[in-house]
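Notes to accompany the following structure.
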Amino acid sequence: MSQPVSGFSKKTKDEKIDWLISSYLNNDSDSRNVLKQYWNNDKKLQKLHDGFIENTVSNYYLPFAIAPNFLINGALFTIPMVIEESSVVAAASNTAKYWLERGGFKAEVISTTKNGQIHINFYGDDEAIQTFFSKIKSTLITCISEIEKNMKKRGGGLLDIVLINATDSLEGYYQLHCTFETNDAMGANFINTCLEEIAKTLESRSKLHADFISKNEFPEVVMSILSNYVPECLVSAQVSCPVEEMSTNGMDGKTFTSRFIRAVKIAKVNKRRAVTHNKGIMNGIDAVILATGNDFRSVEAGIHAYASKDGNYTSLTDAKIDNGNFIFSIEIPLAIGTIGGLTALHPLVNFGLSLLQNPSAKKLMQIIAVAGLAQNFAALSSLVTTGIQKGHMKMHLANILNNLDVTQTDTVKALAHFKDHAVTHGSVADFIKQLRK
């Protein structure tokens, strides 16, 4: 049985692996080899990767792929994607080519405001804290002048501070809601630094406020943190085309668009379908987020919250026919950046941004929204025509064959056979077994 370890973070990488192998893996040399075979031979590059997080023992590789032929607002893009799921990149590429011949994608940034909150306990008189805030607001704004100096030079910074009485939802709960513009930076560290300075100033000045002193009731800061829910940082994307030009997978345009729109409406009203519908959208979004060094977890959290903004979880996309034109669109919140974080550190992130012609944060928002819309179009097109598994399992077949260590000759035979047969791991294994006999 393994024992607790102390000083683990101070051990070398080899020492960490030695402890893991001896404590949990019965000194298995194969496990050690698996970890070490993913080390980068370039020591400088390996040191860079080790610096991203703590207690590293190896690297975990994901495929870096590209999806070409995306026409966005009249400009052609090849989009980098990092994802482990088969068929996603192929679906995005096919959709890009489909819409390349139909006018491409249109995208627009609606707003770019980000936000954070200082959460406060105050059980005193509401009028007292409101009066205090009106007196102190200008001081709270100026107390971060040094912190936001460089951000202001780039046209960003703190936009406003509002005191919110939230005692109807939680006793004694107030918050300072702060809004920011961070331009090409995602801005998490900047926002959090500003919030903590504002919170410190709020508490120190409250000790001098007569109304609080007389009653010995002072506001207490619970925490200061940015929000990943950014409904004021929005981007939209859409495609449109005459219905008669929308024939897909052997289905005429009128039938296809009718079935497609019905599929979107189902995702609008059915939560179980909406979750899977939106997961497909995130296949495209997350893949570009990762390839450009942004935080897919914050983006996921914010987008799924936005899907529930009206009280019910629903589809992030819309589809309709207007004056004979099929219109398919998406609107999502995106707090991302093209400077700071991994963008200046990770060589492949740098490559991905260069591939996109070093976009501004606004331009990258548009590209990411398009990737999500394209992925959803591909999924729904398959669902309402040939079915989702035909294309997906064709890609999955390659993974199964690799896992079975199949020769090139047998691979060709398997690909031909499974054009007309259902793909499962068992059926492929049986087929290969028969070939080997």
About its Cα centre, how strong a charge dipole does region 114-168 have in debye, to the nearest 20, once Lys and Arg get +1 and Asp and Glu get -1 at the Cβ? 560
Where a ≥ b ≥ c are the square roots of the eigenvalues of the C-alpha gyration tensor, would you call region 8-50 rounded, which needs a/c under 1.5, or, failing that, prolate if a/b is larger than b/c, or oblate? oblate
Classify region 11-146 as rounded, prolate or oblate, taking a ≥ b ≥ c as the square roots of the eigenvalues of its Cα gyration tensor: rounded when a/c is under 1.5, otherwise prolate if a/b is larger than b/c and oblate if not. oblate
Contour minus end-to-end for H421 and V57, with contour as 0.36 nm per residue of separation and end-to-end as the Cα-Cα distance? 126.8 nm
With the dipole of region 293-351 worked out from charges on the C-beta (+1 for Lys and Arg, -1 for Asp and Glu) around the Cα centre, which of L334, S315, L348 lies farthest toward the positive end? L348
Dipole magnitude of region 163-229 about its Cα centre (Cβ charges: Lys, Arg +1; Asp, Glu -1), debye to nearest 20: 200
Consider a paramagnetic label point 7 Å from the Cα of N165 along Cα→Cβ; state which residues of region 123-148 have an amide N under 13 Å from it. 123-133
Checked region 302-358 with the C-alpha gyration tensor, a ≥ b ≥ c its square-rooted eigenvalues, rounded below a/c of 1.5, otherwise prolate if a/b is larger than b/c and oblate if not; verdict oblate
DSSP-assigned coil residues among chymotrypsin sites (Phe, Trp or Tyr not before Pro) in region 4-76, each with at most 14 further Cβ atoms within 10 Å: Y38, F52, Y60, Y61
Pick out which of N189, N399, N350 has the largest mean-square fluctuation in a Gaussian network model of the chain, springs linking Cα atoms closer than 10 Å. N399
When the charge dipole of the chain is computed with +1 on Lys and Arg Cβ and -1 on Asp and Glu Cβ about the Cα centre, the Cα farthest towards its positive end, among G426, F190, I118, belongs to G426
Cβ charges +1 (Lys, Arg) and -1 (Asp, Glu), total dipole of the chain, debye: 1260
Relative contact order of the chain (C-alpha contacts under 8 Å, at least 6 apart) in percent is 18
Can you give me the Cα centroid spacing of region 241-261 and region 370-388 in angstrom? 13
Roughly how many Å is it from the Cα centre of region 52-86 to that of region 309-324, as a whole number? 28
Setting aside same-chain residues fewer than 8 positions from K271, which lysines have a Cα under 17 Å from its Cα? K279, K309
Dipole of the chain [Lys/Arg +1, Asp/Glu -1 at C-beta], most positive-end residue of S9, I289, A361: I289
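Read-outs throughout are calculated quantities, based only on the coordinates presented, and are distinct from any laboratory measurement. Because the structure is a prediction, the values reported are computed rather than measured. Glycine also receives a Cβ, built like all others from the backbone with ideal geometry; neighbour counts cover every protein chain displayed.
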